[in-house]
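**Student:** Below you will find the structure I want to go over with you.
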Amino acid sequence: MTQSCRVESDGSARCRRLWEMERRYVGDAWHDGMTIVGVDEAGRGCLAGPVVAAAVVLGKPVHTWVGIDDSKCLTRRRREQLCDWIREQARAVGVGWASVEEIDNLNILHASRLAMTRAVQCLPVQPDVTLVDGPYAPLEAPPEWHCQPVIDGDAQCLSIAAASIVAKVVRDRFMAELANTYPEFGFDRNAGYGTREHRQALARFGPTPYHRRSFAPVARHLQMRLALDG
């Protein structure tokens, strides 16, 4: 477990620390009432399924959000609870998707950035500052979004941490639904990541329409299928 995932003795202390770091990233422009958007994505490293991004404007005092943390530091059950709470209580939440076809056509980095753009575009409010997890801004983000990339942002900024939870849960729920159609791949358990179970199913059954054909493990099995069929 990384240092950022250590459990705080006081959850409010962790929440305030994330909020204070967020204020530092906003810098001198910060003022009460400004619209700060946190953006993160989920699913970049998967072999199957879309990439999903969330954009969150918390818009309430920091003490409201005790419990929010980097999604990787939370149990699945806790993420589920927090996601529903964030979507009910936040000032605004937007979700954006990039399909498997877009991932294969653009590459996963550009598709992730496209999903982020769509998430911000879904917001009913105009950002004053957009804090983005990672080193890159959303694809073709307009200057008025005032994007600020933040490395390890889901462990650095409260709004990005909230976005990481929403993106992860929305995508996991989609993959769990997909498991009803393709139960042999265990998408409800692995969310499309390349677990041993997933790779074994890929070798046995071949790729589904939801597999990313530009990813090497999937492409390899496609080539094997073509060779066998040929």
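**Student:** Given an 8 Å cut-off on Cα distances and at least 6 residues of separation, report the relative contact order of the stretch 160-218 as a percent.
**Tutor:** Result for the stretch 160-218 is 21 percent.
**Student:** Oh, and also: With a 1.4 Å probe and all protein chains in place, put ARG79, ARG189 in order of accessible area, largest first.
**Tutor:** Highest to lowest solvent-accessible surface, that is ARG189, ARG79.
**Student:** Let me ask something else. Compute a Gaussian network model of the chain, connecting alpha carbons closer than 10 Å, and tell me which residue from ALA216, ALA53, ALA191 fluctuates the most.
**Tutor:** Ranking ALA216, ALA53, ALA191 by mean-square fluctuation puts ALA216 first.
**Student:** Okay, moving on. Heavy atoms only, 1.4 Å probe, whole protein assembly: order LYS60, LYS72 by accessible area, highest first.
**Tutor:** I get LYS72, LYS60, largest accessible area first.
**Student:** Moving to a separate point now. Magnitude of the Cβ-charge dipole of the chain, K/R +1 and D/E -1, about the Cα centre, nearest 20 debye?
**Tutor:** The dipole magnitude comes to about 700 debye.
**Student:** Here's something else I'd like to know. Could you work out how much longer the chain between ARG91 and ARG199 gets when fully extended? Use 0.36 nm per residue separation minus the Cα distance between them, nm to one decimal.
**Tutor:** Net length gain for the segment: 34.8 nm.
**Student:** Can you give the % of DSSP beta bridges in the chain that are antiparallel, to the nearest 5?
**Tutor:** Expressed as a percentage, antiparallel bridges in the chain total about 60.
**Student:** Next question, about the same structure. For the stretch 30-44 and the stretch 45-98, what is the separation of their C-alpha centers, rounded to whole Å?
**Tutor:** The stretch 30-44 and the stretch 45-98 have Cα centres separated by 11 Å.
**Student:** Would you mind computing, in nm to one decimal, how far apart the modelled labels at LEU222 and LEU106 are, each placed 7 Å from Cα along Cα→Cβ?
**Tutor:** The answer from the label model is 1.8 nm.
**Student:** Can you list, largest first and rounded to whole Å, the semi-axes you get for the stretch 19-145 by taking the square root of 5 times each eigenvalue of its Cα gyration tensor?
**Tutor:** 24, 19, 12
**Student:** Still on this structure, I have one more. At 10 °C and 1.306 mPa s, what whole-number value in µm²/s does Stokes-Einstein give for the translational diffusion of the stretch 77-203, with Rh from the Kirkwood sum over Cα pairs?
**Tutor:** 100
**Student:** While we're on this one: Which order do GLU177, GLU184 take when ranked by solvent-accessible area (1.4 Å probe, heavy atoms of all protein chains), largest first?
**Tutor:** Of GLU177, GLU184, the descending order of accessible area is GLU177, GLU184.
**Student:** May I ask you to compute the full-extension gain from GLN81 to GLU144, defined as 0.36 nm times their residue separation minus their alpha-carbon distance, rounded to one decimal in nm?
**Tutor:** Difference between extended and current length: 19.4 nm.
**Student:** Whole number please: convex hull volume per residue of the Cα set in the stretch 71-139, in Å³? Don't jump to the answer; show the numbers that get you there.
**Tutor:** Numbers: hull volume 8.1 nm³, N = 69.
Per-residue hull volume (Cα only) is 117 Å³.
**Student:** How large, in Å, is the chain by the Kirkwood hydrodynamic radius built from its alpha-carbon pairs?
**Tutor:** Evaluated over the chain, this radius sits at 18.2 Å.
**Student:** Give the share of C-alpha pairs in each 5 angstrom bin for the stretch 131-221, from 0 to the last occupied bin, in whole percents, shortest bins first.
**Tutor:** 3, 13, 17, 15, 14, 14, 14, 8, 3, 0
**Student:** If you don't mind, there's one more thing I want to ask. Report ³J(HN,Hα) in whole Hz for each residue of the stretch 153-165, in order, from the Karplus equation J = 6.51 cos²θ - 1.76 cosθ + 1.60 where θ = phi - 60°; Gly and Pro get x.
**Tutor:** Once rounded to whole Hz, the list reads x, 5, 9, 10, 10, 4, 5, 5, 4, 4, 5, 4, 5.
**Student:** Can you work out the accessible area per residue across the chain, with the rest of the protein chains kept in place, probe 1.4 Å, in square angstrom?
**Tutor:** Computed with neighbouring chains in place, this is 49 Å² per residue.
**Student:** While we're looking at this one, here's another question. For the stretch 95-178, with all protein chains present and a 1.4 Å probe, just round the carbon and sulfur fraction of the accessible area to a whole percent.
**Tutor:** After summing per-atom areas, the C and S share lands at 53 percent.
**Student:** Express in Å², to the nearest 10, the accessible area of TRP30 obtained by rolling a 1.4 Å probe over the protein heavy atoms while all chains stay in place.
**Tutor:** 60
**Student:** A further question follows. As a test of the formula, what do you get for the chain when each DSSP H run with n ≥ 4 contributes -39,500 (n - 2.57) and the sum is divided by the residue count, at 222 nm and rounded to the nearest 500 deg cm²/dmol?
**Tutor:** Working: 8 runs with 100 residues, N = 230.
Using -39500 (n - 2.57) per qualifying helix, the result is -13500 deg cm²/dmol.
**Student:** From a point 7 Å beyond the Cα of ASP188 in the direction of its Cβ, which residues of the stretch 158-177 have a backbone N at a distance under 20 Å?
**Tutor:** Hits in the stretch 158-177 for ASP188 at 20 Å: 168-177.
The values are calculated or read from the model by the stated rules, or taken from the named source; none is laboratory data. In this text, all values refer to a predicted model and were calculated from it rather than measured experimentally. Here the Cβ is made from the backbone with ideal geometry for all residues, glycine too, and neighbour counts use every protein chain on show. Side chains are part of the model used for accessible areas, which takes the heavy atoms of the whole protein and leaves out ligands, DNA and RNA. Shrake-Rupley method; radii C 1.70, N 1.55, O 1.52, S 1.80 Å.
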